[in-house]
Every structure is written in C-alpha cells, then in structure tokens.
Amino acid sequence: MKELTCPICGSEDFIFPIGPRNAAIMIIGDKPTDNDIKYGKPFTEGSGTILRQEFAFRGIDTRQFRVTYLRSHISATKKLSPKCFEIDALDVIKEAKNKKLIILISAEVVKYFTSQSVENLMGLMTTSQLLSAPCFCMESLGSIFNRGGVVGEVRLSIQKISEYIKKEGLVK
Ligand SMILES: [Zn+2]
C-alpha cells in the first residue's frame, strides 16, 4: 500500500531523491517516467544507464551524487499541475543549498533555473539565481536520441563535467 497522497492532485506515484543527502553534486532531472514509477527511483530508463556508464568510464561513481527530479510526481490525471510543481521546486531549491555543483538535465529544467534554452547552454557551466552552486546544463539523453542526435554531444558534456569534478575534488 502506498503511504503518501498529494493533497493537491491525489497522485500516489512519488519519486523521491536518491543518493546521499550531503552529496557535493546534485543531478536535477525533469519528471518521473512510467518506468521510474514502476521501480520507485529516478533515471531508470536506458538514458540513465548511459549517464551512469559515461561517468563510471571516467572513474566517477554517480552513487555519490544526490539525484532528484524537479517534479516529484505527475498529477493523478497525468497532467502537469502548476501547484504541485511550485511545491516540488521549492523542495529541490532547498535541497540544492549545500551542494557544490548542480547538473541540470533536460530543456524544462534548464529553462526553469536559467531562463535560457538548453540549446544555448548544452555542455556549458552557468549560474542560476535560484541556486548557489554553479550549474552544468545538459539536454536529456532521451530527447537527444529522439531527435536523432548523437551520443557524442553527451560524452563531450560528461567529459567536461568530469574534468571539473576532479579538478575541484568533489568526489572520492
Ligand atoms: Zn500533486
């Protein structure tokens, strides 16, 4: 039996952040997929696997990262509720306070935190008025594949992020 119900939309399908609460690095993705809900954690799709593998290939274990979605749930009617979103976004911003690096993944997340399009910021470091840590921006891997993009641009972004992480000593 599920224990939590959203008082606004009635959804019971929440995906909560994973990884250590005091992690130096946080990944913020967009919203849960059906697969995530089935397994009860974020980034369960193939694109999540690629993300973990690309970091692992560079000697970085993403289990050291805090991983969350900007939306903890999609409303029970499968619509995106602005009210639910407001609450989720405040929680994420609160969680992000003690982080040293934030990785923003997907067009929606980049737009929300930087007011810019992901095309302008893909693979670049930037700042957000809502976050104290520097942010790296990436398109979601699913979107890249859907529009026939190549995994090369993902690799390039992860390479840059990995170099920064090592230079700053953000992981063990
Ligand atoms: Zn809700």
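Every number here is computed from the coordinates shown, using simple stated rules; none is lab data. All values reported here derive from a predicted model rather than from experimental measurement. Glycine also receives a Cβ, built like all others from the backbone with ideal geometry; neighbour counts cover every protein chain displayed.
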Report summary line: Taking a straight Cα-to-Cα line shorter than 29 Å from Lys100, and setting aside same-chain lysines fewer than 8 residues away, one finds Lys31, Lys41, Lys83, Lys111, Lys160, Lys166, Lys167, Lys172
Report summary line: To the nearest 0.05, the calculated FRET efficiency linking Glu168 and Asn120 through their beta-carbon distance, R0 being 25 Å, is 0.55
Query raised in the report: Using a basic spin-label model with each label point 7 Å from the Cα along Cα→Cβ, how many nm lie between Gln64 and Lys97?
Result: 2.5 nm
Report task. Report the full-extension gain for the segment Ala133 to Lys160: residue separation times 0.36 nm, less the Cα-Cα distance, to one decimal in nm. Result -> 8.1 nm
Query raised in the report: Hey, how many Å between the Cα centroid of the stretch 28-46 and the Cα centroid of the stretch 48-125?
Result: 12 Å
Report task. Report, to the nearest 10°, how far helix 151-167 tilts away from the longest principal axis of the Cα atoms in the chain, using its own Cα long axis and a range of 0 to 90°. Result -> 80 degrees
Query raised in the report: When the Karplus curve 6.51 cos²θ - 1.76 cosθ + 1.60 is applied with θ = phi - 60°, which whole-Hz ³J(HN,Hα) does each residue of the stretch 10-20 get, with x for Gly and Pro?
Result: x, 5, 10, 9, 8, 10, 9, x, 10, x, x
Report summary line: Phi-derived 3J(HN,Hα) across the stretch 67-75 with the Karplus relation (6.51, -1.76, 1.60, θ = phi - 60°), rounded Hz, x for Gly and Pro, is 10, 9, 10, 5, 10, 6, 7, 9, 4
Report task. Consider a paramagnetic label point 7 Å from the Cα of Thr77 along Cα→Cβ; state which residues of the stretch 9-38 have an amide N under 15 Å from it. Result -> 9-11
Query - Coil-residue trypsin sites (Lys or Arg not before Pro) of the stretch 33-134, DSSP, other Cβ within 10 Å capped at 16 - result: Arg58, Lys78, Lys79, Lys100
Query raised in the report: Using 7 Å Cα-to-Cβ label points, what is the Arg147/Leu4 separation (nm, one decimal)?
Result: 3.2 nm
